Amino acid sequence: MTKYTSDYLRVSQTAFGQGALSPGGPQELSEILQGLDLTGKRVLDIGCGLGGFTCLLSKNFGAAYVEGHDVVPLLVEEAQRLVKSHGLAAEVSCKLVAADGNIAALDDSFDVVFSKDSIIHIPNKAHFYREIRRVLKAEGLFVASDWLRSDEPESEAMIKWRKGSGQPEPMVSQTEAKTFLSQAGFEQIELRDRNPWYADFIPQEIAAVKRALENEQMSSEVRELFEDRLSSTLLKLDLVKAGEHRPTHLRAFKPNT
Ligand SMILES: C[S@@+](CC[C@H](N)C(=O)[O-])C[C@H]1O[C@@H](n2cnc3c(N)ncnc32)[C@H](O)[C@@H]1O
């Protein structure tokens, strides 16, 4: 599992923006939610991280209540701080949950389950997708972004990048993700490949990390973290350009039966 420390969070937020541990910022969130209306909805955010996207679900998309779940105490503390600073304590709640593969929520309790680039970190995806279906109300929507891969066997470069970036298990392919959703009982499953977008976007991550290395004061330990991030992101860019690393938007409905 990734080792989250305050220095790691500094590096990640340099690459991804304030309050984010994944790429694209508010614009990418709008892409994930394109055409959807969250007004009045109860939304669960799986893997809320620092809470940046969790807050936006309420602030920009009108969700009535957003519950963020994460398994790392430091991240949940930061997320709670962010919620408070946005004055959203009544609408957004970020909770520390167990990393046992279950979702700490009642059956049929959310209109929408959202997740941004977090399901990649959860080991038993077949079970986890059944959990998502369980906590959704009938006709509820699962809407997410996740880091998936092509159907080809993993390359050596992919294994190197994956292990170096704290991802212990192989990523699932787009085909496998669709199968998990279908086997969990979801319908109207849609996947949108974001690989071309990400190939264009990664140079911004690289530039931000380089700018920090050139201009910011940092200890030698922190410099090492920035340098590691730079090499890992350059490797990721190759994997994205080669089509092996495929960020993907997913949507699926729980049927009314
Ligand atoms: C790449 S970060 C994305 C965080 C946030 N969604 C964002 O986009 O900024 C992945 C997050 O998933 C969390 N995570 C890992 N395993 C989890 C689990 N079983 N349940 C909930 N969150 C989990 C990590 O702690 C981390 O915060």
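Rule-based calculations on the coordinates, nothing more; no lab input. Here the structure is a predicted model, which is why all the values come from computation and not from measurement. Quick reminder, even Gly has a Cβ in these numbers, built from the backbone with ideal geometry, and neighbours come from all protein chains shown.
Could you list, in sequence order, all residues of segment 226-249 that are hydroxyl-bearing (Ser, Thr, Tyr) and within 23 Å of residue 29 (Cα to Cα)?
233, 248
Restricting to segment 144-166, what's the tally of residues that are among the charged types (D, E, K, R) and outside any loop (DSSP other than H, G, I, E, B)?
Of the residues in segment 144-166, 6 are among the charged types (D, E, K, R) and outside any loop (DSSP other than H, G, I, E, B).
In segment 109-129, what count of residues is obtained for those that are closer than 14 Å to residue 177 by Cβ and of a type in the set (A, V, I, L, M)?
Number satisfying all stated conditions: 4.
Return the only residue of 115, 145, 182 being closer than 25 Å to residue 33 by Cβ, touching a Pro at 6+ places or on another chain (Cβ under 7 Å) and not charged (D, E, K, R).
So the residue among 115, 145, 182 that is closer than 25 Å to residue 33 by Cβ, touching a Pro at 6+ places or on another chain (Cβ under 7 Å) and not charged (D, E, K, R) is 145.
When you check residue 162 against the structure, is it surrounded by 21 or more Cβ atoms within 10 Å (Cβ to Cβ), under 29 Å from residue 4 (Cα atoms) and touching a residue at least 12 places away in the same chain (Cβ under 8 Å), yes or no?
In short, no.
Give the residue, chosen from 169, 224, that is surrounded by fewer than 16 Cβ atoms within 10 Å (Cβ to Cβ), among the acidic types (Asp, Glu) and either assigned to a helix (DSSP H, G or I) or in contact with a Ser or Thr (Cβ under 6 Å, 6 or more places away or on another chain) (or both).
Result of the check over 169, 224: 224.
Starting from residues that are of a type in the set (Lys, Arg) and assigned to a strand (DSSP E or B), keep the ones in segment 236-257 and report whichever is surrounded by the fewest Cβ atoms within 10 Å (Cβ to Cβ).
251
Tell me yes or no: at least one residue of segment 182-194 is exposed (fewer than 15 other Cβ atoms within 10 Å of the Cβ), touching a residue at least 12 places away in the same chain (Cβ under 8 Å) and closer than 27 Å to residue 3 by Cα.
Looking for residues that are exposed (fewer than 15 other Cβ atoms within 10 Å of the Cβ), touching a residue at least 12 places away in the same chain (Cβ under 8 Å) and closer than 27 Å to residue 3 by Cα, one finds none in segment 182-194, hence no.
Is one or more of the residues making up segment 177-199 over 24 Å from residue 29 (Cβ atoms) and part of a strand (DSSP E or B)?
yes
Out of the residues in segment 100-124 meeting the condition of being in a loop (DSSP other than H, G, I, E, B) and touching an Asp or Glu at 6+ places or on another chain (Cβ under 7 Å), tell me which one is nearest to the ligand (Cβ to nearest atom).
Filtering segment 100-124 for residues that are in a loop (DSSP other than H, G, I, E, B) and touching an Asp or Glu at 6+ places or on another chain (Cβ under 7 Å), the one nearest to the ligand (Cβ to nearest atom) comes out as 117.
Given the criterion out of contact with any Gly (no Cβ under 8 Å at 6 or more places or on another chain) and closer than 19 Å to residue 17 by Cβ, identify the matching residue among 230, 191.
Exactly one residue qualifies, and that residue is 230.
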